[in-house]
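Below is one structure, written out as structure tokens, with a few remarks after it.
The values are calculated or read from the model by the stated rules, or taken from the named source; none is laboratory data. Every value quoted in this text rests on a predicted model; they were computed, and no experiment measured them. Here the Cβ positions follow ideal geometry from the backbone for every residue, glycine too, while neighbour counts run over all protein chains shown.
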Amino acid sequence: MNKTNIAVMISGSGTNLQALIDKIHNKDTGGNIELVISNNENAYGLVRARNSGIRTVVINKNQYDSALRYEETLVEILEKAEINLIVLAGYLAFVPDKILEIYENRIISIHPSLIPSFCGRGFYGERVHQAAIHRGVKISGATVHFVNKIVDGGPIIIQKCVNVDFNDTAESLQKKVLEIEHEILPLAVKFFIENRIRVIDGRVKVIGRRQ
């Protein structure tokens, strides 16, 4: 099995990155995290990466005089590292269209709700959980999906739910959901590495897994 080179893109603490390091990186899975990219030089996830010997890059569109130059530089970084799969793990910036085209169905993201609930522009981080609590839903969860030009609109790979108790707060719900994020994101990456994911008419079928 050919090795899958992975780039993980982060903006913050990197707990999902750590889950990928613990379960995927150098674990005889056939995949290695070659690169961690952040738009935030103070992201603690960069420390996690360096502690595991993973190369890091900080790149922000504000560093460049044009969106095109930023896009070209990011493409160059990914291609030089021979990246096969990009994982957005708490990456709070838009991915350039050129990247979406080159890596079609090779960019995976994690969202802290059961898409299509509480997703799209403006729904990120604790805002998602605040909206779920305010609406009074009884079940929430997390979704791993492919990334396309529609925010949180790509084909869904895996979802898992948690119960929302009446006394839950946005903070306590976030902790519940984060636990399952750490479970299903590495699992989706594992399925990708094993070439078990098929996108058929905008829907995902995982070979050998009950749908």
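Going through segment 149-172 one residue at a time, which ones are surrounded by 14 or more Cβ atoms within 10 Å (Cβ to Cβ), in a loop (DSSP other than H, G, I, E, B) and among the β-branched types (Val, Ile, Thr)?
Result: Val151, Val164.
Give the residues of segment 159-206 that are aliphatic (A, V, I, L, M) and free of Cβ contacts under 8 Å to residues at least 12 places away in the same chain, sorted by residue number.
Ile200, the sole residue that qualifies.
Within segment 129-158, restricting attention to residues that are in contact with a helix residue (DSSP H, G or I) (Cβ under 8 Å, 6 or more places away or on another chain) and of a type in the set (S, T, N, Q), which residue is farthest from His182 (Cα to Cα)?
Asn148
What is the residue count in segment 44-68 for residues that are assigned to a helix (DSSP H, G or I) and at pLDDT below 95?
5
Conditions (1) outside the structural domain of Asn167 (by TED's automatic domain parsing); (2) more than 25 Å from Ile77 (Cβ to Cβ); (3) surrounded by fewer than 17 Cβ atoms within 10 Å (Cβ to Cβ); (4) in contact (Cβ under 8 Å) with a residue 40 or more places away in the chain, marked per residue:
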position: Asp97; (1), (2), (3), (4): yes, no, yes, yes
position: Ile115; (1), (2), (3), (4): no, yes, no, yes
position: Tyr124; (1), (2), (3), (4): no, no, no, no
position: Ala131; (1), (2), (3), (4): no, yes, no, no
position: Ile139; (1), (2), (3), (4): no, yes, yes, no
position: Thr143; (1), (2), (3), (4): no, yes, no, no
position: Val147; (1), (2), (3), (4): no, no, no, yes
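Mind listing just one residue for me: the one in segment 189-211 that is outside any loop (DSSP other than H, G, I, E, B) and of a type in the set (Val, Ile, Thr) and, of those, farthest from the chain's Cα centre (by Cα)?
Ile200
State all residues of segment 25-43 that are among the β-branched types (Val, Ile, Thr) and either modelled with pLDDT of 95 or more or outside any loop (DSSP other than H, G, I, E, B) (or both); if no residue qualifies, say none.
The answer is Ile33, Val36, Ile37.
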